[in-house]
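Chemist: Just passing along the structure, written as structure tokens.
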There are 2 protein chains.
Amino acid sequence: MNLSKTSKYAFRILVHMAKDEKALYSAQQLHQNIDVPERYLRRLLTDLSKSGFIKSIQGRQGGFIFARDISTITLLQIVESVDGLDSINECILGYDSCAFDYSCPMHDVWAETKMKIIDTLTKTSLKDIHNNRLEDF
Amino acid sequence: MNLSKTSKYAFRILVHMAKDEKALYSAQQLHQNIDVPERYLRRLLTDLSKSGFIKSIQGRQGGFIFARDISTITLLQIVESVDGLDSINECILGYDSCAFDYSCPMHDVWAETKMKIIDTLTKTSLKDIHNNRLEDF
DNA sequence: GTAAAATACTACAAACAAGTAGCATTTAAT
DNA sequence: ATTAAATGCTACTTGTTTGTAGTATTTTAC
Ligand code: SF4
Ligand code: SF4
């Protein structure tokens, strides 16, 4: 259970872009709208392109645009690509590999909550987010 | 949503100690049972003492023992004392102070899950953990 | 009273995450 | 062609968290 700051930045970027799904956004434009250090933002945009969420268009008038339908992009996929799945799925006691044959006392306590987290992240696509609310972002 | 490794270490320590609530545990003993670097474990034990969960008994035959009834120690209190409450409660987009007057689209998506997390951590005491399961730890 | 077994304190070191900088490359407008 | 506006790559710097070391202090056993 560990969302890095970078994952949160990725959320900011993609949720913002999802507001107008078909639009092309330049790094500068994004920087003006969401509070992420400019160079770091750019690097992250490149990473998100490589992960296939968005694609980059180079050159003057270039920028970033979604590479696939935003209803197919879930929050879990985003976290997974930035932090890795372990960050969410890992043992609540921080063991690399579970030290126990049977589950330890903490396991059951956390299991349901962990499921809820994964469930929410899995079921929520970028499209869902803006369907829920139409407020400005 | 960010449990540091140190918080997880704290869980390991206290959940282990809660198995025999009234016993006195030396740092060495704990080190043999849970996989936390020895010197780091000791420092953390001192911190947990200062936070009032356990108390230290110095000198030969010394060690650590719960300072209060384990039914009054919740997981949230432990996280709070190690990482601070913000680590759990913080904005899913990582904004220090919410940038919006009204809630942004992400807020509602996460609100329920966040509540579930806080709820679980608040309602689960060290006693509950071992009441749920009697397995060895 | 001396030694041994424990915790306490504080500074340092290593590892990791976050942020910055410089320069290269691509493309459109002129 | 030239210039400007954009992304791409890679190395460096800074900050935070995690882990280590040395030394001091406390208390019991003998
Ligand atoms: S059983 Fe315990 S140690 Fe193993 S993965 Fe679950 S919480 Fe972690
Ligand atoms: S409304 Fe949005 S930005 Fe504000 S705290 Fe909630 S998730 Fe964060």
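The values are calculated or read from the model by the stated rules, or taken from the named source; none is laboratory data. The structure displayed is predicted, hence computed values, not measured ones. Don't worry about glycine lacking a Cβ; one is built from the backbone with ideal geometry, like all the others, and counts go over all protein chains shown. Keep in mind that these areas ignore ligands, DNA and RNA; they rest on the heavy atoms of the full protein, side chains included. Shrake-Rupley method; radii C 1.70, N 1.55, O 1.52, S 1.80 Å.
Chemist: Could you tell me whether region A:43-52 includes any residue that is within 10 Å of chain B (Cβ to nearest Cβ) and among the aliphatic types (A, V, I, L, M)?
Modeler: no
Chemist: Out of everything in region A:65-76 that is β-branched (Val, Ile, Thr) and surrounded by 15 or more Cβ atoms within 10 Å (Cβ to Cβ), what residue ends up being farthest from residue B:9 (Cα to Cα)?
Modeler: Among residues in region A:65-76 that are β-branched (Val, Ile, Thr) and surrounded by 15 or more Cβ atoms within 10 Å (Cβ to Cβ), the one farthest from residue B:9 (Cα to Cα) is A:65.
Chemist: Which residue, of A:34, A:65, A:54, is more than 8 Å from DNA strand C (Cβ to nearest atom), under 17 Å from the mean Cα position of the chain (by Cα) and more than 30 Å from residue A:114 (Cα to Cα)?
Modeler: Answer to the selection: A:65.
Residues checked against (1) at pLDDT 95 or above; (2) within 16 Å of ligand 2 (Cβ to nearest atom):
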| residue | (1), (2) |
| --- | --- |
| B:62 | no, no |
| B:67 | yes, no |
| B:78 | yes, no |
| B:99 | no, yes |
| B:103 | no, yes |
| B:118 | yes, yes |
| B:130 | no, no |
| B:135 | no, no |
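Chemist: Would you please name the residue that is farthest from residue B:91 (Cα to Cα), looking only at residues in region A:32-54 that are more than 12 Å from DNA strand D (Cβ to nearest atom) and hydrophobic (A, V, I, L, M, F, W, C)?
Modeler: A:53
Chemist: A follow-up question, please. Identify all residues within region A:77-102 that are surrounded by 13 or more Cβ atoms within 10 Å (Cβ to Cβ), among the hydrophobic types (A, V, I, L, M, F, W, C) and over 15 Å from the mean Cα position of the chain (by Cα); write none if there are none.
Modeler: If the condition is that a residue be surrounded by 13 or more Cβ atoms within 10 Å (Cβ to Cβ), among the hydrophobic types (A, V, I, L, M, F, W, C) and over 15 Å from the mean Cα position of the chain (by Cα), then A:91, A:92, A:93, A:99, A:100 are the ones that fit.
Chemist: Tell me which of these residue B:57 doesn't satisfy, since it passes every other one: (1) over 25 Å from residue A:109 (Cβ atoms); (2) within 16 Å of ligand 1 (Cβ to nearest atom); (3) of a type in the set (A, V, I, L, M).
Modeler: Every condition holds for residue B:57 apart from (2).
Chemist: Also, quick follow-up: If you scan region B:1-34, which residues turn out to be open to solvent by 60 Å² or more (accessible area, probe 1.4 Å) and touching an Asp or Glu at 6+ places or on another chain (Cβ under 9 Å)?
Modeler: B:19, B:28, B:31
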